[in-house]
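Peer 1: Here it is: the structure, laid out below.
Read the figures in this text as sums done on the coordinates, not as results from a lab. Bear in mind that the values here come from a model prediction, so they are computed numbers and not experimental data. Quick reminder, even Gly has a Cβ in these numbers, built from the backbone with ideal geometry, and neighbours come from all protein chains shown.
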Amino acid sequence: MSSFVYIVYNSESIIECITISGHAGVKKSGEGYEICIALSALTQAMYRALLTIVGKRFLSYRIKDGFLNLELIDFDRLEDTKKEEYKIVSNGYLIGIKSLIKEYPDFIKYKEEYKNGT
């Protein structure tokens, strides 16, 4: 079993939604547990950073055993400076996630989609 990370970008190539489902390859022996923890910690840290930047009004966040969903709401209503800060934090998150995926491809699957169809 592996975690599945699904990221949707808006027409401006900004992360609009992140969904993570499943546990990163956790086996009976506990193997993979640290990867699951790293993935969850990265995502939750990003959420907290974004929360301080854009506020609760612009974010929807749900977390439940083996499932996490983060969505940016009303992006068009954000101030330009907030949009830039959001981009910087979310791009930093992507670097961390993609590094984890590169190191542990058997534990994390990844897919990204662009709303404008690309």
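Peer 1: My understanding is that a pair violates if its Cα-Cα distance is over 24 Å; which of 64/111; 82/111; 87/111; 83/115 do that in this structure?
Peer 2: Over 24 Å Cα-Cα: 82/111.
Peer 1: So how tilted is helix 33-54 from the main axis of the chain? Cα-based, degrees 0 to 90, rounded to 10.
Peer 2: Helix 33-54 sits at roughly 10 degrees to that axis.
Peer 1: Rounded, prolate or oblate: pick one for the stretch 52-118, where a ≥ b ≥ c are the square roots of the eigenvalues of its C-alpha gyration tensor, a/c under 1.5 means rounded, and failing that, prolate if a/b is larger than b/c, else oblate. Before the final figure, lay out each step's value.
Peer 2: Working: a/c = 1.87, a/b = 1.59, b/c = 1.17.
Prolate, since a/c reaches 1.5 and a/b exceeds b/c.
Peer 1: Send over the semi-axes of the chain's equivalent ellipsoid, whole angstrom and largest first, taken as the square roots of 5 times the C-alpha gyration tensor eigenvalues.
Peer 2: On the way: eigenvalues 138, 42, 29 Å².
The answer is 26, 14, 12 Å, longest axis first.
Peer 1: In cubic angstrom, how much convex hull volume per residue do the alpha carbon atoms of the stretch 29-81 span?
Peer 2: Values: hull volume 4.1 nm³, N = 53.
Convex hull of Cα atoms, per residue: 77 Å³.
Peer 1: What's the FRET efficiency of residue 59 with residue 34 using the Cβ-Cβ distance as r and R₀ = 30 Å, to the nearest 0.05? Working shown, then result.
Peer 2: Details: r = 27 Å, r/R0 = 0.91.
Efficiency, from the Cβ-Cβ distance: 0.65.
Peer 1: Here is a follow-up. Per residue of the chain, what 222 nm ellipticity follows from adding -39500 (n - 2.57) for every DSSP H run with n ≥ 4, rounded to the nearest 500? Mind dumping the intermediate values first?
Peer 2: Values: 2 runs with 46 residues, N = 118.
After summing the helix terms and dividing by residue count, I get -13500 deg cm²/dmol.
Peer 1: Continuing with the same structure: May I ask what percent, to the nearest 5, of DSSP beta bridges between residues of the chain are antiparallel? Show your work: numbers first, answer last.
Peer 2: Values: 17 of 24 bridges.
Around 70 percent of the beta bridges assigned by DSSP in the chain are antiparallel ones.
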